[in-house]
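The values are calculated or read from the model by the stated rules, or taken from the named source; none is laboratory data. Predicted, not measured: the structure shown is a model, and the values here were computed from it. Please note: Cβ atoms are built from the backbone with ideal geometry, for glycine as well, and neighbour counts cover all protein chains shown.
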Protein chains: 2
Amino acid sequence: MPTDLPNERALRKPGTLELDPTGEGIAIDETPRLIASNKVEGTAVYDRTGRHLGAVHNFMVDKVSGQAAYAVLAFGGFLGLGETHHPLPWKALTYSTELGGYVVDIDPGLLAGAPSHGAGEDGFADPSYRARIETFYGSRAPTA
Amino acid sequence: MPTDLPNERALRKPGTLELDPTGEGIAIDETPRLIASNKVEGTAVYDRTGRHLGAVHNFMVDKVSGQAAYAVLAFGGFLGLGETHHPLPWKALTYSTELGGYVVDIDPGLLAGAPSHGAGEDGFADPSYRARIETFYGSRAPTA
């Protein structure tokens, strides 16, 4: 019977962040509340059913306020080939301490058609990119 | 005569961010308002007189809100030797579009005595670290 509950075994993928479960003081660069920017980069991303979608490539920060505006998700690809980067409003992501990653509460089919750019491209160099993202995600877009 | 005005020539150090001044569409991964997280890492830091102090190593982000809480500044050192990492409340930094970097409005002598950790250490693994930073910077500390 299908269920929306995440499967614990399936979610423990390699690369999933662990909050120093052994307590041996390994360098985690994070606390229960804070995480280093360079650790967000690479954090796994799941859909609402706990299925692994991809990872955070980086995130776009408001220079003045320090508020993260968009998480740039990397989907697909192998060794960088065919990988696409999808900027999502930061507010569309929820951090799950159980999963040790971000959950995106958006239909993966919708994500596939969202504004995106190639892994080697700089989407935000296009002045209209941000507006297209905000239009696409509608009320999910940050107001800043 | 000494002056507090930044010296234009002195401030144009290598590594200073440039907002695509040639307009040739080089990958800048930033807009006038947004910057990619992995570009903040490495951005130059100046004191209020425009003197180059160091660079942003990374920054600590609130996992839930996406708000940058601390910028971890890297001071001194050569090829990683002797470099110290100083976490500063994000609000203590001002982004200067003229300098293309962050300005820290704190006396460098005060910074030298602030909570810090070695470049290879994970200061935030110590549960008391955040409290010590907040105590040190007092009212500059974020309330989150």
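Can you pull out the strands (runs of 3 or more DSSP E) entirely within the range A:1-96 that have at least 1 residues that are modelled with pLDDT of 90 or more and touching a helix residue (DSSP H, G or I) at 6+ places or on another chain (Cβ under 9 Å)? Spell out how you get there, then give the answer.
Details: elements: A:34-36, A:44-47, A:52-62, A:68-75, A:84-89, A:93-96.
Once the strands (runs of 3 or more DSSP E) in the range A:1-96 are filtered for at least 1 residues that are modelled with pLDDT of 90 or more and touching a helix residue (DSSP H, G or I) at 6+ places or on another chain (Cβ under 9 Å), what remains is A:34-36, A:44-47, A:52-62, A:68-75, A:84-89.
Against the criterion of being surrounded by fewer than 21 Cβ atoms within 10 Å (Cβ to Cβ) and either under 19 Å from A:Asp105 (Cα atoms) or within 9 Å of the chain's Cα centre (by Cα) (or both), A:Gly50 qualifies. If we scan the range A:86-102, do we find a residue that is farther than 30 Å from B:Ala71 by Cβ and surrounded by fewer than 20 Cβ atoms within 10 Å (Cβ to Cβ)? Checked the range A:86-102: no residue is farther than 30 Å from B:Ala71 by Cβ and surrounded by fewer than 20 Cβ atoms within 10 Å (Cβ to Cβ). Pairs are defined by a Cβ separation below 7 Å, a sequence spacing of at least 6 or placement on different chains, a first member in the range A:54-67 that is within 7 Å of chain B (Cβ to nearest Cβ), and a second member that is surrounded by fewer than 18 Cβ atoms within 10 Å (Cβ to Cβ) and among the basic types (Lys, Arg); the pairs so defined are A:Asp62/B:Arg33; A:Lys63/B:Arg33. In the range B:107-133, of all residues being closer than 20 Å to B:Gly42 by Cα and touching a helix residue (DSSP H, G or I) at 6+ places or on another chain (Cβ under 6 Å), the one that is nearest to the other protein chains (Cβ to nearest Cβ) corresponds to B:Gly123.
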